[in-house]
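A.B. asks: Quick one: this structure, given as structure tokens, is what I'll be asking you about.
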Amino acid sequence: MRKRAEKENKEPPTCEWSTDLSLSLVPYWFLVALRIIITLLPQNGYIHPDEHFQSLEVVAGDVFDIEANRPWEFNTTFPIRSIALPYFIAGIPYSGLKFAAPFVSLWFNINIKTPYVMLVLPRLFVCLLSFITDYCMYKICYLYCQNYRARLLTLASSYVILVYGTRTFSNTIEMVLSSLLIYVVADCMRLSDQVILQDEYLSDKYNAAGTPVERVKFYKMRSALPKHSLSWCLLIATITITGIFNRPTFFAFAFPSIFFWLQRGLGSKSIGLGDFHLRILTFMISALPAAVVYILIDSFYYGYLTISEIRELKLSLDNFVVTPLNFLKYNLNSSNLSKHGLHPRYLHFLVNIPLLYNVLGIVAMVAFVSILYRFNRKNWSGRQKVQSIIGLMTMSFILPILMLSIFPHQEARFLIPVTLPIIFLHSQRIRYFSNTEQWCHDNGTAFKYTFSRGKRGSVLLTLCLEILKSHFLVDKPAEGIILQNSFIHMKW
């Protein structure tokens, strides 16, 4: 009995994959190369002017000290966008370019300050950031003993990753942060499930122990269990605040993950409402440092706050600007949204999801309708446990779309942060696998997944459609962008 308890206390569960299941990632690495090639060979078009004018235009003007056309979102009277994330996307590459250009010109007599480099360098940086989503997908699949090959192939071949994952959109950063947040929360959920299971097992043994020696032994084993209730709280809060200052709509994508992190283990013997309230308080306190940093950055940048005012302590609320708050004030006014176009509130579900995810989006919508039907019929047979990875992914896919559908201005790119959950949930329904059935026991919980034989042709057709979409759906002429970069080039 002692060996069994020590084993459950110390050894983490492992996944034993069936040899019949191919986990080769050769096709995935081909798609990785394709993503980089698409970035280095930019098309003569753009999806939306925002990919240039809400990041590259502003930062290029500041870094290279040239005249720039600042969009209205970055005006000093009522700024609604934080400058921190655009500087992260474009400021780091441009600063590196500005530093390296004189040396390259001196040593190799090559001018690297060209319109091509100006366009591609930030895109390449964003492309590298997009691989964080790939990494998060792999780690989540590994943690929960799920097939990562199917999901990575679907992710790497998707229109969203091949196009939006290589563009300088704030939505792309939102997708990366959302994926990272889901992964961190999924890791916390698994740790909590493991520790709670071991704690309850040792607690039962402690209560059943007949001698003081055995009680002391089990008490020490319980005390040696790792702390999990507040795990990664600071990181989760920082990611959330960073996402909100990047795009305030990030709250819609972060809410399901935060809620699942808060309610981990509720209903067990060792976790109660007191732990839930403590987590909320700790999360709010942990969010303060990042929020203060971003507010100070924006306040200094937009001229609301100066060093002299700090030295003389001449400070008031007017010295600080909170760009997410201004963003909400602007977008809650329907007359402001009408300037950018009003859409029916069903557009995200009926048009934008199929547009972004093709067959996968249709499958996801059918699955969502099926959930609603079972809920309406009160048919709970085969339902998933709420506090599970499937529950987290389902809510991370459905709730953000429902929340964003409240606003009448709906663009497809607003939904790309749901890429990881939708692919995790439904990718295996459109992929080809040989017949195999796998059980994996994780902390006493059995995960069963079955892959049925499908048609390879349908998979190839889906892949071809995604690549064709990535080429032909970016058809807006980019003469303005080329002229803009050429103007910057001439200024140098």
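A.B. asks: I'd like to check something: does the stretch 106-115 contain any residue that is crowded, with 18+ Cβ neighbours inside 10 Å and within 32 Å of the chain's Cα centre (by Cα)?
C.D. replies: Keep residues of the stretch 106-115 that are crowded, with 18+ Cβ neighbours inside 10 Å, which gives 113.
Now drop any that are not within 32 Å of the chain's Cα centre (by Cα), which leaves none.
There is no residue in the stretch 106-115 that is crowded, with 18+ Cβ neighbours inside 10 Å and within 32 Å of the chain's Cα centre (by Cα).
A.B. asks: Within the stretch 84-114, how many residues turn out to be more than 24 Å from Asn171 (Cα to Cα), in contact (Cβ under 8 Å) with a residue 60 or more places away in the chain and in a helix (DSSP H, G or I)?
C.D. replies: Of the residues in the stretch 84-114, 0 are more than 24 Å from Asn171 (Cα to Cα), in contact (Cβ under 8 Å) with a residue 60 or more places away in the chain and in a helix (DSSP H, G or I).
A.B. asks: Taking the stretch 65-83, which residues are in a loop (DSSP other than H, G, I, E, B) and either crowded, with 17+ Cβ neighbours inside 10 Å or at positive phi (or both)?
C.D. replies: Of everything in the stretch 65-83, those that are in a loop (DSSP other than H, G, I, E, B) and either crowded, with 17+ Cβ neighbours inside 10 Å or at positive phi (or both) turn out to be Asp65, Ala68, Pro79, Ile80, Arg81, Ser82, Ile83.
A.B. asks: Same structure, new question: Examine the stretch 180-191 for a residue that is among the charged types (D, E, K, R) and either touching a Pro at 6+ places or on another chain (Cβ under 8 Å) or over 17 Å from Gln263 (Cα atoms) (or both), and state whether such a residue exists.
C.D. replies: no
A.B. asks: Separate question: Is it the case that Ile362 is β-branched (Val, Ile, Thr), at pLDDT 90 or above and surrounded by fewer than 17 Cβ atoms within 10 Å (Cβ to Cβ)?
C.D. replies: Considered against the rule, which asks whether it is β-branched (Val, Ile, Thr), at pLDDT 90 or above and surrounded by fewer than 17 Cβ atoms within 10 Å (Cβ to Cβ), Ile362 comes out as yes.
A.B. asks: Working only within the stretch 401-418, note down all residues that are without any contact (Cβ under 8 Å) to a residue 60 or more places away in the chain and either under 11 Å from Asn352 (Cα atoms) or in a loop (DSSP other than H, G, I, E, B) (or both).
C.D. replies: Within the stretch 401-418, just Ile401 meets the criteria.
A.B. asks: Which residue pairs have Cβ atoms under 8 Å apart, sit 6 or more places apart or on different chains, and have a first residue in the stretch 357-378 that is touching a residue at least 60 places away in the same chain (Cβ under 8 Å) and under 29 Å from Ser157 (Cβ atoms) and a second that is outside any helix (DSSP H, G or I) and of a type in the set (S, T, N, Q)?
C.D. replies: Filtered contacts from the stretch 357-378: Tyr357/Ser158; Leu360/Ser158.
Let's see how each residue does on (1) at positive phi; (2) of a type in the set (A, V, I, L, M, F, W, C); (3) modelled with pLDDT under 85:
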| position | (1), (2), (3) |
| --- | --- |
| Glu411 | no, no, no |
| Phe424 | no, yes, no |
| Ser434 | no, no, yes |
| Asn443 | yes, no, yes |
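A.B. asks: Give all pairs with beta carbons closer than 9 Å in which a residue from the stretch 242-267 that is over 17 Å from Leu180 (Cβ atoms) meets a residue that is among the acidic types (Asp, Glu) and assigned to a helix (DSSP H, G or I); count only pairs at least 6 apart in sequence or on separate chains.
C.D. replies: Hits for this filter: Arg264/Asp193; Arg264/Asp275; Gly265/Asp193; Gly265/Asp275; Leu266/Asp275.
A.B. asks: Separate question: Taking the condition of being without any contact (Cβ under 8 Å) to a residue 60 or more places away in the chain and either out of contact with any Gly (no Cβ under 6 Å at 6 or more places or on another chain) or among the basic types (Lys, Arg) (or both), how many residues in the stretch 50-68 meet it?
C.D. replies: Selection size over the stretch 50-68: 6.
Conditions tested, residue by residue: (1) more than 16 Å from the chain's Cα centre (by Cα); (2) modelled with pLDDT under 95; (3) crowded, with 23+ Cβ neighbours inside 10 Å.
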| position | (1), (2), (3) |
| --- | --- |
| Ser95 | yes, yes, no |
| Met118 | yes, yes, yes |
| Ser130 | no, no, yes |
| Gly165 | no, yes, yes |
| Glu174 | no, no, yes |
| Ser179 | no, no, yes |
| Val185 | no, no, yes |
| Asp193 | yes, yes, no |
| Gln198 | yes, yes, no |
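A.B. asks: Let me ask something else. Might you check whether a residue that is farther than 24 Å from Pro86 by Cβ, modelled with pLDDT of 75 or more and in a loop (DSSP other than H, G, I, E, B) occurs anywhere in the stretch 27-36?
C.D. replies: no
A.B. asks: Follow-up. How many residues are small (Gly, Ala, Ser) and either at pLDDT below 85 or within 21 Å of the chain's Cα centre (by Cα) (or both) when one looks only at the stretch 273-289? Explain how you work it out, then say what you get.
C.D. replies: Our first condition is that a residue be small (Gly, Ala, Ser); within the stretch 273-289, this holds for 274, 286-287.
Then keep just the ones that are either at pLDDT below 85 or within 21 Å of the chain's Cα centre (by Cα) (or both); that gives 286-287.
Total satisfying the criteria: 2.
A.B. asks: A further question follows. Among (1) assigned to a helix (DSSP H, G or I); (2) in contact with a Pro (Cβ under 9 Å, 6 or more places away or on another chain); (3) under 30 Å from Ser82 (Cα atoms), where does Arg149 come up short?
C.D. replies: (3)
The values are calculated or read from the model by the stated rules, or taken from the named source; none is laboratory data. Bear in mind the structure is a predicted one, so any value in this text is a computation, not a measurement. Here Cβ is always computed from backbone atoms with ideal geometry, including for glycine, and neighbour counts include all displayed protein chains.
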